[in-house]
Each structure stands twice: as structure tokens, then as C-alpha cells.
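Reading through the C-alpha cells given below for one structure.
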Amino acid sequence: MNNLHCIGCGVAIQTDRPGELGYTPRSALEKEEIICQRCFRLRHYNEVQDVELSDQSFLDILHAIGNTDSLIVKIIDIFDFNGSWIPGLQRFVGKNPILLVGNKADLLPKSTNTNKLVNWMKKQAKELGLSPLDVLLVSAAKGNGIQEALAEIDSLRQGKDVYIVGCTNVGKSTFINRIIKTAAGGNDVITTSHVPGTTLDMIEISLDDGKSLVDTPGIINHHQMAHYVSKKDLKIITPKKEIKPRVYQLNENQTLFFGGLARFDYIKGGRRPVVCYLANSIDIHRTKLEKADELYEKHAGEMLQPPGKEELENFPELARHEFKLKDDKMDIVFSGLGWITLKEQGAQVAAYAPKGVSVLLRPSLI
Ligand code: GDP
């Protein structure tokens, strides 16, 4: 039994404990391809069961990878670059070469300059202590850049195994499925899902030279917005297609609400445009700063949603972060929700996000 693994998520199969990881009814063992009940439900009923991978297990996995001689492919979600970053990866992987892949490029406006963006990623990676051999931009969902990624992986791995790492929800499974399809014309063999934290255990895919491509479970980055909203709301805040930047000409002392999830106060700096990059399905509501507290108090969960009324009870209060922008073209990032770009320096602003969700300032991505 120990040798049986789910073809979906790679977990070891067991038939004794329904409801626990890897459970499969005994009758299903006769099938050629064995799939755990969790993956079965996800695949056939689009139904997700919650599972958790402790941070320690993930660190153990990274340590294990550090002891191999392999190529590491690190996937990040370009829409949530900072939130999907795995801090300290360089330290764990030792001397192994790293390829950094930015996924979900299809979400960025078509006018985005890809070369500039790749350079931006290289610079950010360096500042965050990672030295990738190369940086690529792909859309695993659409297939853009996958041929190039495959060629690059093949050239960089020099006959070694490949470990694919990334935090949950960056599209790691989608990427691997895409690679398998492109390379072998095969069908999906890994489960993909909407909800973070659903890819468990390592799964190996054989490469033609006897080496393996290994899918690792995703780490849960606790400061991502995804962990503070319901599954229903997660669908609303996760962009599915090209983001249409929304521009607001703001006067001093004006506030923008992004649903009821986040808030931006423009305090000082003269009249100026701000550009909002969020899922098109999130409503933006403009008001006067002096009225903002009262508006949130009265209308959160209704006019200002998501979160809806029922979810509001378990939703953290909004925490305030104040910034003075000292450089031109800066982004204020609400991890996992999106960002706001301000072109000229000198603005004084406050950004609010649910307590626990990180808010940060960075050189503008676009
Ligand atoms: P994993 O947890 O990293 O394995 O991520 P999944 O492959 O399950 O994908 C997480 C979510 O991101 C799913 O809702 C996917 O449909 C979505 N996704 C994956 N790749 C892309 C992409 O290239 N573009 C867009 N827009 N969404 C993607």
C-alpha cells in the first residue's frame, strides 16, 4: 500500500481512515490510475476539501531539495509578486541553479512591456536575495511562453532532476500540466484548483532521460489576502482575465474603497491621477476622507463588499499603513488584492488592509 500514490496530488494512498489525507475506497484500488477521494471530488464535482500543510513540513521539503543536485524552478504569481515570494529560498537550495518564472502574465494589461517587466523581476529578485540564472514570464493558463520555458528548463537542467516550487495558488499545477501536455501531448495528471493549499505531497513526473520533474506542495504565505476571505469572495478578488487599469483623479483628502477589503487615503500632494490594478470585478468607491470611517462603519458588507454581511463577522479589522512617496512611479501593494501606482513623488498616503495582510511600497511594476 505504501507504494501507491494518488495521480492527482501525489499523496500516499490509504483505505482505512475516511476523511483523512489519501483516503480512497478499497474498491477504487483496482483501477489503473489511482486517485484519492479528495482529488476525485475536486475533479468530478469541483468541490474542494480543506487540507493544511504546516510551515514546518514545507521547510523540510525545501531542506530536502537543498540536498539534491537539481534545477529549481521557482514560480511566482506576477499579479501577487511579493505575496507569492518564498523568502529565503536561496539559502535552502544551496548551489542548485534557479530559474524564476512569473506566471499569470495574461492578467496584465496588453500594453505591458515584457522586457521591462522581466528586468523589473530580475532587479526585485536580486534585492530579495535571489540570484536566478534566468527570468521568464508565462501564462500557464493560456499557454503563452510555455514552449520557451520548456526549452529553457531543458537547457538549464543539464540532465538533472527539476524541482518546481512555489507558494499555493501561483498556478504551479497548471504550469506543470501545461508542460506535460506540451512535451508529451498527455492529459492532465495533476489536480488544479481555485483554493490555496490544495496541492499536497511531492509528485514525480518522469522525463525522457530517466530524470524527474518534481512538483512540490505549495507553502501557504499567511500574509496573502486569500487567507482572510471566504472561498466565494476569493473568486471575486482573483482576476480571471486582463486587468483594466482604473484611473482616478484624486484631490487631497479623498479616499478610495476597494469593496470592503481595503482602503486608500490620499492625504497630501496636490491633485493627481492614481491608477488602480485590481480584479475588474471589485468595485471601487470614492469618498471624502473625513467621511470614510463612517461610510465603512455603516456600509461594510453591503455597499462596500466583498466581504458580504455573513463574512464580515470573521473578517479582520483594517490596519492602517502610512507612506510618504519619495520616488517617482511607485506601487502601493495590497498583497493578493492588487496595487495602486502613483507617478510622481511627494504624495502622502495611507493604505488599509485586513490586519495580517501585508501592504508595501515598491518601484512600479508596469
Ligand atoms: P497551485 O496551487 O500553485 O498548484 O495553483 P493552481 O494551478 O491550482 O492554480 C491556482 C489558480 O490560478 C487557479 O484558479 C488557476 O486557474 C489560476 N491560474 C493558473 N495559471 C494561471 C494563468 O496563467 N493565468 C491566470 N489568469 N490564472 C491562472
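The values are calculated or read from the model by the stated rules, or taken from the named source; none is laboratory data. These numbers were taken from a predicted model, which means no experiment stands behind them. In this analysis, Cβ positions are derived from the backbone assuming ideal geometry, glycine residues included, and neighbour counts consider all displayed protein chains.
Assorted remarks:
- Residue check, ILE164 of a type in the set (Val, Ile, Thr), more than 16 Å from the ligand (Cβ to nearest atom) and closer than 13 Å to ILE72 by Cα: no
- Of all residues in region 62-93, those being within 16 Å of ASP215 (Cβ to Cβ) and among the aromatic types (Phe, Trp, Tyr) number 0.
- Among the candidates ALA140, ALA149, residue that is within 16 Å of the ligand (Cβ to nearest atom), farther than 16 Å from ASN82 by Cα and in contact with a Gly (Cβ under 8 Å, 6 or more places away or on another chain): ALA140
- Annotation note: Cβ proximity below 7 Å between a residue of region 80-107 that is under 16 Å from THR216 (Cβ atoms) and a residue that is of a type in the set (Phe, Trp, Tyr) and within 16 Å of the ligand (Cβ to nearest atom) (sequence gap 6+ or interchain) occurs for ASN103/PHE175.
- Meets criteria (at pLDDT 90 or above and either within 22 Å of the chain's Cα centre (by Cα) or part of a loop (DSSP other than H, G, I, E, B) (or both)) for VAL189: no
- Pairs with Cβ under 6 Å, 6+ apart, first in region 292-307 and crowded, with 20+ Cβ neighbours inside 10 Å, second of a type in the set (Val, Ile, Thr) and not in a loop (DSSP other than H, G, I, E, B): ALA292/THR255; PRO306/ILE236
- Annotation note: of ILE180, ILE98, the sole residue that is β-branched (Val, Ile, Thr) and modelled with pLDDT of 95 or more is ILE98.
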